[in-house]
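Take a look at the structure below.
The values are calculated or read from the model by the stated rules, or taken from the named source; none is laboratory data. Treat the numbers as computed from the prediction; the structure is a model and nothing was measured. Using ideal geometry, Cβ is built from the backbone for each residue, glycine included, and neighbour counts are taken over all protein chains shown.
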Amino acid sequence: MNITDALYRAAHNYEHGGIDALALRLGISASSLAHKVSPTYPGAHCSPGELAQICELTGDHSAVVALASRLGYVLIPVAQGNAPAEFSRELAATVREFGQLITETAGALADGRVTDTEQRRIEREGAQSIAAIQQLIALTAKKNQDAKPAAARGLRCA
């Protein structure tokens, strides 16, 4: 997806009054915002701060996802606000393990071949990544069960 197209869609689909209401929230005129997000008006652009504000106000993050994709990155949303520290730790561990897998794999492939030793390291990092993902899934499964009434969990009330 194109970054400007994503901004255009986010601004025009703003659910609280469209581009006019969004412009008001941003403190700029509707015509200025329309030009800044228009794919056919190359003379105006959103600043990085405006891009962030549009994403925050609309809840549509597709423009930053498009930017990351253009630069060869993938974004992973992390919990905001009152997420349990336990979840944040598990998520960080999962991302760290995945990063180690990617580092091993990229290093091994750098010369165009993979040795037996490199393959073993990749497999080990892959297994550790899978284990971290399973830990994260187990945490959410426990939270899911804990949120259910005792009768739904198969527990008896005394």
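Every residue, every condition in (1) exposed (fewer than 15 other Cβ atoms within 10 Å of the Cβ); (2) in a helix (DSSP H, G or I), yes or no:
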position	(1), (2)
4	no, yes
7	no, yes
14	no, no
24	yes, yes
42	yes, no
46	no, no
55	no, yes
75	yes, no
86	yes, yes
Residues being exposed (fewer than 15 other Cβ atoms within 10 Å of the Cβ) and at pLDDT 90 or above: count how many of those fall in segment 115-132. 9
List pairs: first in segment 124-142 and within 12 Å of residue 92 (Cα to Cα), second assigned to a helix (DSSP H, G or I) and of a type in the set (Val, Ile, Thr), Cβ under 7 Å, 6+ apart or cross-chain? 132/94; 133/94; 136/94
Can you pull out every residue in segment 26-40 that is outside any helix (DSSP H, G or I) and within 18 Å of residue 61 (Cβ to Cβ)? 37
Count of segment 72-112 residues which are farther than 20 Å from residue 138 by Cα and either at pLDDT 90 or above or touching a Cys at 6+ places or on another chain (Cβ under 6 Å) (or both): 14
